[in-house]
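The values are calculated or read from the model by the stated rules, or taken from the named source; none is laboratory data. None of these values were measured; they are calculated from a predicted model. Neighbour counts are summed over all protein chains in view; Cβ atoms, including those assigned to glycine, are modelled from backbone coordinates with ideal geometry.
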Amino acid sequence: MREGKNWKTNYLLAISTLIVFSACEQEVKELPYYGSFGEKGKKDFTVPKFSFTNQDSLETSHRDYASAVYVTDFFFTTCPSICPIMSSQMSRLQDMLKTEGIWGDVKLLSHTVNPENDRPHVLKEYASRIGADLTHWNFVTGDQKTLYDQAKSGYFMTALVSDTAAGGYFHSDNFVLIDQNQHIRGYYDGTSTQSVNELLEDIKNLVKNHKHE
């Protein structure tokens with residue numbers, strides 16, 4: 001009888017150890033690094049310094065995002081196609097980050113590709129419409145060439161004027177995940193609920209692992 005109890009105890013102990021080990025494996029999940037034009041494995045690349053003007057007519061720069069995980073995208077307020085979906089997904093991500101208790105460890109950054117129209121007051125009205133919490137989410141405008149260069153050279157995404165695109169501008173539909181050291185760690189379809197859910201899990205992973213360093 002005692003041997004039976006010992007076997008059962010040892011079995012439960014082994015299962016518990018396996019569960020703990022699996023949890024540790026999840027904690028140390030390593031996300032890829034992205035370099036030139038989305039090439040994986042380029043840990044030496046970091047997002048270049050930037051400076052734009054936000055919805056409150058204040059400077060928003062790389063200094064505001066230093067040592068933080070952040071998610072960035074490109075959009076414009078009069079976009080008739082994918083932007084409303086992307087903005088809805090980003091707003092949903094914001095709410096999920098709050099639910100997870102990491103809103104503050106994570107920031108959001110949305111760049112307009114139509115700075116001629118999207119001046120600070122326009123961005124602020126747009127942010128209000130989609131329920132953006134501006135404590136950790138900036139909507140930025142600035143010189144068009146500088147914005148487009150940041151898209152291309154900073155995040156390896158596309159932003160350009162287009163006669164054939166809906167609304168007159170073409171831009172990538174991805175959300176880009178940046179870690180605390182300004183490394184690009186992932187690209188996610190900003191129009192896909194499933195992809196944004198995956199983004200949330202990767203954000204949680206970055207925040208958790210950073211706190212254990």
Might you check whether a residue that is closer than 25 Å to D163 by Cβ, in a loop (DSSP other than H, G, I, E, B), in the same structural domain as D179 (by TED's automatic domain parsing) and free of Cβ contacts under 8 Å to residues at least 24 places away in the same chain occurs anywhere in region 57-66?
no
Among the residues of region 22-70, write down those that are farther than 24 Å from I102 by Cβ, at pLDDT 95 or above and among the small types (G, A, S).
S51, S57
Failed condition for S195, given (1) crowded, with 16+ Cβ neighbours inside 10 Å; (2) of a type in the set (G, A, S); (3) not in a helix (DSSP H, G or I):
(3)
If a residue counts only when it is touching a residue at least 12 places away in the same chain (Cβ under 8 Å), surrounded by fewer than 18 Cβ atoms within 10 Å (Cβ to Cβ) and in the same structural domain as Y70 (by TED's automatic domain parsing), which strands (runs of 3 or more DSSP E) contained entirely in region 88-163 have at least 1 such residues?
159-161
Give N197, N138, N174, N209 a once-over and let me know the one that is of a type outside the set (V, I, T) and at pLDDT below 95.
N209
